[in-house]
Amino acid sequence: MTTATLQAAPQPRPLTKPTYLADGKTIRSWLLTTDHKRIAILYMISITLFFFIGGAAATMMRLELLTPQGDLVTSETYNKLFTIHGVVMVWFFLIPSIPTVLGNFLVPLMIGARDVAFPKLNLASWYLFMAGGAFAVFSIITGGVDTGWTFYTPYSSTYANGHVIAMATGIFIAGFGSIATGLNFIVTIHKMRAPGLTWFRLPMFIWTIYTTSLILVLATPVLAITLTLMALERAFGVGIFNPAMGGDPLLFQHLFWFYSHPAVYIMILPGMGVVSELIPCFARKQMFGYRFVAYATVAIGVFGFLVWGHHMFVSSQSIYAGMIFSILSFAVSVPSAIKVFNWTATLYKGSIRFQTPMLYALGFVGLFTIGGLTGLFLACLAVDVHVHDTYFVIAHFHYIMVGGMVMGYLGGLHFWWPKITGRLYPERLAKLSAVTIFLGFNLTFFPQFILGYLGMPRRYPVYAPEFQVLNVFSTAGASILAVGYVLPLAYLLWSLRWGRVAGPNPWQATGLEWTTSSPPPTDNFEKTPIVTEGPYAYDAQAAEAELEAGHA
Amino acid sequence: MPDVLAVPIEHQFDDATQQREAATMGMWLFIATEILLFGGMFLGYTAYRHAYPSAFAEASRHTLIAFGGTNTAVLLISSTVMAFAVRAASQNRRKLLGLLLFVTASLGVLFLVIKGLEYAHEINEHLLPGRAFHIDAADPQHAELFFYIYWLMTGVHALHVTIGVVLITFFAFRAWFRDAFRNHDTPIELLGLYWHFVDIVWVFLFPLIYMIDRHS
Ligand SMILES: [Cu+2]
């Protein structure tokens, strides 16, 4: 097939082609586009919107938690706030974030293809995502849901008030969007690589998107059927999960976490992929142990399917099951640690540049490590009994999800912004906001480790007065974090018009996406590229010499 | 090879081989997602069968094995016919292809009719879970659980059969009247994959629902 590519490619084409942004200016040309790059933009706008909806709910919660009394909102409203925050952030921001925005934009570019394998399906994914989002927003506006993002039965299926079915329908529909996206990426990566681009010449970002897609395809259908059963139980009294009708609520939890633990890796693997691109580029070095990182990526995907029971240690699941799940959860930390070691080793003797994407990447490594290590506390049966359902858990997974994935997303967004828009963002302001986010994040979530350790339970608007000081810290941190998130929104929009023109490769990065113009033409490449070497062909010594000579 | 060039190639693909391989792989992945979708229900069935073996055995004796057995035969025959249809497509015999697809679709309809009669019988016997549910069993609550799962799994399966019948009929018309698949049999091959998958799900459902512990 690859030799056929060589023969088929040189069709006569006009020399100067419009960029994908200039190829059609009407709303219609955007809403009916099948260009993966435009679909990426559609996703970017949509998930930014959802990010601020989820963020608004978090803001309300942090304000409520300033004081020990429940004085800003009622307990019921508080329940709805953390449900909105969880559902929107998980399904409408984190899971789609890097795969659908950066993945859609970059996968065909990085593998030297003209588009994904199924462009129409790709557009359909976005419409499914938006339809799902519409259901979720409808459910929020008309009164919300107070079950938490986990929809535990029989509460969700029998007793909860609110629009549980609408919310579940939204997640169900958006889930099929995820499945279609994952399927599309897997086929694209298998079948559309440029000649010479073997598996072990692929950028690590492609490996992580590939593994993420496998998880999306294999785990999401289980969530779909689980939420369907829950909704059927609520609508028609089908008692699969209701103990009053002979069902077993634990079955729901098993099925839910069979999806939702792997979903954690859907939310972190692409961030790891971004960081694996950034660190070699800004350390001007080959990635240390490329094959190990690739294998570790796949290993995380595989192990990720076998550890769901660590969410159920105190659920009355068998203690022997708990022990197995505990051991396997420790095991899954090994490939994650391999990645951290390899990033660190890549930095060693590199020619490091602290530009904005690199700041995010380094932030990611540090915060992910803290999140990962505290995850081991929670994987430990005896410790988990104490800190289960406390703020310790909240702090742990926010270090992974926000400290990891959001930092990865922002780092990647800054790194590829010149490619996506053809413009550079203002570097100083960007550095300032990266540091603001890092500080604000730690001030928000580090106190929560202590709060959890001291025993403050999650999901309550009221708490014991001795916890107030740490909660005030946390809320103060959240305000700083909010500033850090609004800044990039402002200056990235500003740069669209007034940013410096970037040129094809402002970072002197390797990778096929940097060999085409910025922004790329609709067909991505003038002619199908041919790959002759592995990724990350950087030379740290040459880079240092260049620095000393005062060129760079 | 002018025959191969006759296939329209979408702009993202280089040639017909790549296009065909991509489509085929996409279909297999779709089937994988379907397996996982049914997998959740199979897990539920297995967990409860394991927890309440006698209630499930007793409940399963109320199912109509003659209907289920006939339906198994109907689907297996339809799958065989579908295999011949795929072969006819690859040989560019469009009238034969159209005919075989019509036969496959008709067998699908026959399956749905038999399933419908069975459902009607069960509703009359008060075996549809809900207020009217009634069963003479030692553990009626868990026998009802069996029927929840029975209705759910056969219902989702029947939905897949219905979608299959609609698609096959549509493709049959296109083959017969438009000669749509000349030198381009990939869609028929993938349709065949889907239909075999639907068939195989039933092959698993049949023993689980009708046969286990029926005569113990
Ligand atoms: Cu987990």
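Readers should treat all values here as calculations from the given coordinates under stated rules, not as data from a laboratory. Please read these numbers as outputs of a predicted model, since none were measured by experiment. Don't worry about glycine lacking a Cβ; one is built from the backbone with ideal geometry, like all the others, and counts go over all protein chains shown.
Under 5 Å from the amide H of A:THR19 lies no amide H of any residue 5 or more positions distant or on a separate chain, with H modelled from the backbone and absent for Pro and chain starts.
By the Cα gyration tensor, chain A has an equivalent ellipsoid whose semi-axes, rounded to whole angstrom, run 38, 26, 23 from largest to smallest.
The label-point distance for A:ALA545 and A:THR142, in a model that sets each label 7 Å from Cα toward Cβ, rounds to 6.9 nm. Treat each spin label as a single point 7 Å out from the Cα along the C-beta direction, and report the A:LYS431 to B:ASP136 distance in nm. Taking the two extended label points, one gets 8.6 nm. Say the dipole of chain A comes from +1 at the beta carbon of Lys and Arg and -1 at that of Asp and Glu; which of A:THR211, A:ILE140, A:SER156 then lies farthest toward its positive end? The Cα lying farthest towards the positive end belongs to A:THR211. Counting only Cβ charges, +1 for Lys and Arg and -1 for Asp and Glu, the dipole size of region B:56-201 around its Cα centre is about 980 debye. Between the residues B:GLY155, B:VAL74, B:PHE206, the greatest Cα displacement towards the positive end of the dipole of region B:14-211, with unit charges on the Cβ of Lys, Arg, Asp and Glu, is found for B:VAL74.
Taking other Cβ atoms within 10 Å as a rough exposure proxy, A:VAL307, A:VAL472 sort from fewest to most as A:VAL472, A:VAL307. Less than 5 angstrom separates the built amide H of A:ARG423 from those of A:ALA502, all sequence-distant by 5 or more or on a different chain. The alpha carbons of region B:14-211 give a radius of gyration and a Dmax of 19.3, 65 Å, in that order. Region B:30-94 and region B:164-205 have Cα centres separated by 17 Å. Adding -39500 (n - 2.57) for every DSSP H run of four residues or longer, then dividing by how many residues chain A holds, sets the calculated 222 nm ellipticity at -21500 deg cm²/dmol. Computed about its Cα centre, the charge dipole of the protein assembly as shown is approximately 1800 debye, with only Lys, Arg, Asp and Glu carrying charge at their Cβ. Ignoring aspartates and glutamates fewer than eight residues from A:LYS80 along the same chain, the ones with Cα atoms less than 20 angstrom from its Cα are A:GLU64, A:ASP71, A:ASP146, A:ASP389. Across region A:435-445, coupling constants 3J(HN,Hα) worked out from phi with the 6.51/-1.76/1.60 Karplus curve, θ = phi - 60°, read 5, 4, 4, 4, 5, x, 4, 5, 5, 5, 9 Hz, and Gly and Pro carry x. The ranking of A:HIS190, A:HIS254 from fewest to most other beta carbons within 10 Å of each one's beta carbon is A:HIS190, A:HIS254. Based on Cα contacts under 8 Å between residues 6+ apart, chain A shows a relative contact order of 19 percent. For the pairs A:LYS37/A:LYS527; A:LYS37/A:LYS285; A:LYS17/A:LYS37; A:LYS191/A:LYS285, flag any whose C-alpha to C-alpha distance is greater than 24 Å. Flagged as over cut-off: A:LYS37/A:LYS285; A:LYS191/A:LYS285.
Take every Cα pair under 8 Å whose residues are at least 6 apart in sequence, average their separation, divide by the length of region A:101-218, and the relative contact order is 37 percent. The percentage of C-alpha pairs in region B:1-129 whose separation is greater than 24 Å is 57%. When you count the other C-beta atoms within 10 angstrom of each residue and take the mean per peptide, A:412-420, B:173-181 line up highest first as A:412-420, B:173-181.
The residues A:VAL469, B:VAL74, when put in order of fewest to most other Cβ atoms within 10 Å, stand as A:VAL469, B:VAL74. Sites listed here are GluC sites (Glu not before Pro) in region B:39-145 whose DSSP assignment is loop and whose Cβ has at most 15 other Cβ atoms within 10 Å: B:GLU125. For region B:119-216, the dipole from Cβ point charges (+1 on Lys and Arg, -1 on Asp and Glu) about the Cα centre works out to 440 debye, to the nearest 20. Averaged over the residues of peptide A:63-76, the number of Cβ atoms from other protein chains lying within 10 Å of each residue's Cβ is 0.
The peptide list A:51-58, A:33-40, put in order of mean Cβ contacts within 10 Å with the highest first, becomes A:33-40, A:51-58.
Contact order for region B:75-216, expressed relative to its length and based on alpha carbon pairs under 8 Å spaced 6+ residues apart, stands at 35 percent.
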